[in-house]
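The values are calculated or read from the model by the stated rules, or taken from the named source; none is laboratory data. What you see is a predicted model; the values in this text were computed from it and never measured. No Cβ is skipped: glycine too gets one built from the backbone with ideal geometry, and neighbour counts run over all protein chains shown. The accessibility values were calculated without ligands, DNA or RNA, using every heavy atom of the protein model including side chains. Shrake-Rupley method; radii C 1.70, N 1.55, O 1.52, S 1.80 Å.
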Amino acid sequence: QQQVKQSPQSLIVQKGGISIINCAYENTAFDYFPWYQQFPGKGPALLIAIRPDVSEKKEGRFTISFNKSAKQFSLHIMDSQPGDSATYFCAASRSAGKSTFGDGTTLTVKP
Amino acid sequence: KAGVTQTPRYLIKTRGQQVTLSCSPISGHRSVSWYQQTPGQGLQFLFEYFSETQRNKGNFPGRFSGRQFSNSRSEMNVSTLELGDSALYLCASSTQATNEKLFFGSGTQLSVL
C-alpha cells in the first residue's frame, strides 16, 4: 500500500514559470512533510519541510502549501530556472519513524 | 563537516553472490537509514539503526541485513544476490532522535549480472 502518492511523474516548465508538484498521504499520524531535491549522480538533499500545524511555508523561491483536511501538500517553485532541473521527492514521517517517499517528479526547466 | 560517505561507489556482482556496502554518517549523527532506489519504485525503505539498534524495518526479504557500529558507521549486506537487486543503495544519517531531517550520501550503484 503506497502511503504517499506524488504527481505528476514528469514536468516541463519554461524558464521564469511556476512549477507545481503535488503529494497526497494516507496516514494521519504523519507529522513531518519534507521535500527533497536530487541531481543526477547525487543523493537527495533536503529542500524545505513543513509540519501540519501551518498551512504554508516559504523559503526563497520554494513554497510548501499544506492542506491537512485533504491530506495533501504541494511544492511550488516560483521563477523556475534551468538549474532547478532535477528530480523532486515528497516524503512523510512521524517521530522516530521511517520516512516514506513519493515516487518522484522529474522537472525540466527549458531556457 | 564531512557529509555522508558511502563506499564503494559502484559495484558489479553476479547472481548468487553476496555484497557488503558501507556508510559513514556525518560526525555526531546517531541514526542511519538505508534506502533502495530504482527507476520504477522510487525510494524504498530498508531499515534504520539508532545507537547500534535496529529501530525501524521495511518490507524486504531476510537476504537484506544491516548493522551499526559503536562509532555510528553502518554496513548493509545482501546475500544470494538476484537480478532484481540491481539498484542505487542510499544511506542517510540524521542527528535527531526523531529521525526527520535526512542527510543522504551519493549512494552505491549495485549491478547484478
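May I ask for the accessible area buried between chains A and B, both sides summed, probe 1.4 Å, to the nearest 100 Å²?
Interface area, both chains combined: 1600 Å², rounded to the nearest 100.
Keeping all protein chains in position, work out how much accessible area A:His76 exposes to a 1.4 Å probe, and write it in Å² to the nearest 10.
Probe radius 1.4 Å; accessible area of A:His76 about 50 Å².
Just the accessible area per residue of the protein assembly as shown, please: how many Å² with a 1.4 Å probe?
I get 47 Å² per residue for the protein assembly as shown.
For B:Ile12 and B:Gln44, what is the calculated FRET efficiency with R₀ set at 30 Å and r taken between the beta-carbons, to the nearest 0.05?
0.90
Based on C-alpha coordinates, I'd like the Rg and Dmax of the range B:3-66, in Å.
Rg then Dmax for the range B:3-66, in Å: 12.8, 37.
Rounded, prolate or oblate: which fits the range A:32-111, taking a ≥ b ≥ c as square roots of the Cα gyration tensor eigenvalues, rounded meaning a/c under 1.5, else prolate when a/b beats b/c?
Cα axes put the range A:32-111 in the oblate bin.
Considering only Cα-Cα distances, which of the following residue pairs are longer than 25 Å: A:Lys57/B:Lys101; A:Lys5/A:Lys68; A:Lys5/B:Lys1; A:Lys68/B:Lys57; A:Lys42/B:Lys101; A:Lys5/A:Lys42?
Over 25 Å apart, Cα to Cα: A:Lys5/B:Lys1; A:Lys68/B:Lys57.
What's the magnitude of the charge dipole for the protein assembly as shown around its Cα centre, counting Lys and Arg as +1 and Asp and Glu as -1 at the beta-carbon? Answer in Debye, nearest 20.
It comes to approximately 200 debye.
How large, in percent, is the carbon and sulfur part of the accessible surface of the range A:1-51 at a probe radius of 1.4 Å?
50
For a Förster distance of 22 Å, can you work out the FRET efficiency between the beta-carbons of B:Phe69 and B:Ala2, rounded to the nearest 0.05?
E between B:Phe69 and B:Ala2, to the nearest 0.05, is 0.80.
With +1 on the Cβ of every Lys and Arg and -1 on the Cβ of every Asp and Glu, and nothing else charged, how large is the dipole of the range B:18-97 about its Cα centre, in debye rounded to the nearest 20?
Rounded to the nearest 20 debye, it is 180 debye.
Obtain the nm distance between the two label points defined at A:Asp31 and B:Ser22 by a simple spin-label model: each point lies 7 Å from its Cα along the Cα-to-C-beta direction.
Placing both labels 7 Å beyond Cα along the Cβ direction yields 3.8 nm.
May I ask which residue of A:Val4, A:Ile77, A:Phe39 lies farthest towards the positive end of the charge dipole of the range A:1-80, with charges of +1 (Lys, Arg) and -1 (Asp, Glu) on Cβ and the Cα centre as origin?
A:Phe39
Would you calculate the separation in nanometres between label points at B:Phe60 and B:Gln96, each defined as 7 Å from the Cα along the Cα-to-beta-carbon direction?
Between B:Phe60 and B:Gln96, the simple spin-label model gives 2.4 nm.
Which shape class applies to the protein assembly as shown: rounded if a/c is under 1.5, otherwise prolate when a/b exceeds b/c and oblate if not, where a ≥ b ≥ c are the square roots of the Cα gyration tensor eigenvalues?
prolate
Could you order B:Ser94, B:Ser79 by accessible surface area, starting with the largest, using a probe radius of 1.4 Å?
Heavy-atom accessible area, descending, gives B:Ser79, B:Ser94.
Just to be sure I understand: with springs between alpha-carbon atoms less than 10 Å apart, which residue in A:Ile77, A:Ile18, A:Ile50 has the highest mean-square fluctuation in the Gaussian network model of chain A?
A:Ile18
Considering protein heavy atoms only and a 1.4 Å probe radius, which residues within the range A:46-63 exhibit an accessible-area decrease of no less than 30 Å² in the full assembly relative to the chain by itself?
A:Leu46
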